[in-house]
Amino acid sequence: DRRVANWLAQFSPQAATVKQRTGLKLSPHYGAGKLRWYLEHVPAVARAHRAGTLAFGPLAAFLIFHLLRDHPRKVDHANASRSQLWNLDSRDWDPWLLEMFGVPAEPLPACCPILHRYGTLAAAGIPLTAANGDQNSAIFALGKPRRDTAVVNIGTGAFILLLTGGARIPYPNLLAGLASSSQTSAEYLLEGTVNGAGAALTYAAQRRHIADITQNLPRWLATVERPPVFLNSIGGLGSPWWAAGPAPQFIGRADEPALQAVAVVESILFLLHANLQAMLDAGQPVRRIQISGGLARLDGLCRRLANLCGLPVYRPVETEATARGIAWLAAGQPQKWPKPGRGRIFRPAPDSGLQERYRLFRQQIG
């Protein structure tokens, strides 16, 4: 939803300040511009604001209000941070941002730590003790995460997250955010964003008329050795470029569905690797990768990721990481936490062809 893109462009001179305060790039995808749009274009919203009865904010606030007894107007730090109205250091709504974007503070919910007693679920009678974003929760799928482990989650989009401890690490081309917070402390992270993961495979299946792409991918990844290079700008380039990118296209022979599908998978890995390199440039040590999400079930994807990055890739038996992670947080971050099965570790191996395709990809993308 980019309806406020033109309106938001007027704030480009303040983009660096917005990034410093929020950890986010100035973008129409976040809540600030959308809330302002509703105030200006939906008469019922404007009337409610004038009457003092308006309540708005992140979707998490709506769910908390309707699911809990007493209907509290609260939102967790992680979901509040995605509004682009929230200050990453003060961990509250930012008066300067509210004034700049023209969003009133009164209708917004109270900001609460991720670990917080929000209230009692009306339907179950049990307390809600943690609320968080989906990617942020996935970091904790195995309990307390290691600081040297980059967590990759691949679904419609893909994300690579790395804990940085109690201090945020400023880096211009990556996002910063919170993995967890309590009343007295916070755990920060660096985040890389890939827009075209599962969405890129859907694009290829539809535009190139590739039938049964999901069912055939395991076999194609095991047999195709020299795919073309796919310039994956589906949904625009996320971090570390933050640009529209070139038109999606194949470079090299791409006259068979198998070649096209494997090239798209490799392009997702190329985008993830670029973000991993940015994290290393930010001075963060990374010694292994932990992967989850629907596409993580593909052995060929995990193997190529290990070979490309030169790091072991660990895939737990359960690739649904978000539910396990938020459960660990809600349980009070216990030292003893049931581990899933052993999972599988993909060890890196030399792959000169893959490395050469990555170099060509970077030359074309920038």
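The values are calculated or read from the model by the stated rules, or taken from the named source; none is laboratory data. Computed from a prediction, not measured in an experiment: that's the story for all the values here. Cβ: placed from backbone, ideal geometry, glycine included. Neighbour counts: every protein chain shown.
Against the conditions (1) polar (S, T, N, Q); (2) crowded, with 19+ Cβ neighbours inside 10 Å; (3) under 22 Å from L68 (Cβ atoms), T164 satisfies every one except (3).
Helices (runs of 4 or more DSSP H) fully within segment 250-339 that include at least 1 residues being in contact (Cβ under 8 Å) with a residue 40 or more places away in the chain and under 18 Å from R359 (Cα atoms): 257-281, 299-309. Please indicate, with yes or no, whether at least one residue in segment 146-154 is buried (at least 20 other Cβ atoms within 10 Å of the Cβ) and more than 30 Å from L201 (Cα to Cα). No, the conditions are met nowhere in segment 146-154.
Would you pick out the residues in segment 147-158 that are small (G, A, S) and not in a loop (DSSP other than H, G, I, E, B)? A150, A158, listed by residue number. The criterion of being at pLDDT 95 or above, buried (at least 20 other Cβ atoms within 10 Å of the Cβ) and of a type outside the set (V, I, T) holds for L189.
Search segment 101-128 for residues being over 30 Å from A44 (Cα atoms) and assigned to a strand (DSSP E or B), and hand back the single one that is nearest to the chain's Cα centre (by Cα). Ranking the candidates gives L115 first. Is there a residue in segment 1-20 that is outside any loop (DSSP other than H, G, I, E, B), farther than 19 Å from N173 by Cα, under 19 Å from the mean Cα position of the chain (by Cα) and not assigned by TED's automatic domain parsing to the domain that holds G177? No: segment 1-20 contains no residue that is outside any loop (DSSP other than H, G, I, E, B), farther than 19 Å from N173 by Cα, under 19 Å from the mean Cα position of the chain (by Cα) and not assigned by TED's automatic domain parsing to the domain that holds G177. In the set A205, A199, A122, only one residue is assigned by TED's automatic domain parsing to the domain that holds D76 and surrounded by fewer than 24 Cβ atoms within 10 Å (Cβ to Cβ); that residue is A122. Give the residue, chosen from S267, S292, that is surrounded by 22 or more Cβ atoms within 10 Å (Cβ to Cβ), within 17 Å of the chain's Cα centre (by Cα), on the phi < 0 side of the Ramachandran plot and among the polar types (S, T, N, Q). Residue meeting the stated conditions: S292. For segment 167-178, filtering for residues that are in contact with a Pro (Cβ under 8 Å, 6 or more places away or on another chain) and closer than 15 Å to W86 by Cα leaves 1.
When A80 is tested against (1) part of a loop (DSSP other than H, G, I, E, B); (2) of a type in the set (G, A, S); (3) crowded, with 16+ Cβ neighbours inside 10 Å, just one condition goes unmet, and that condition is (1).
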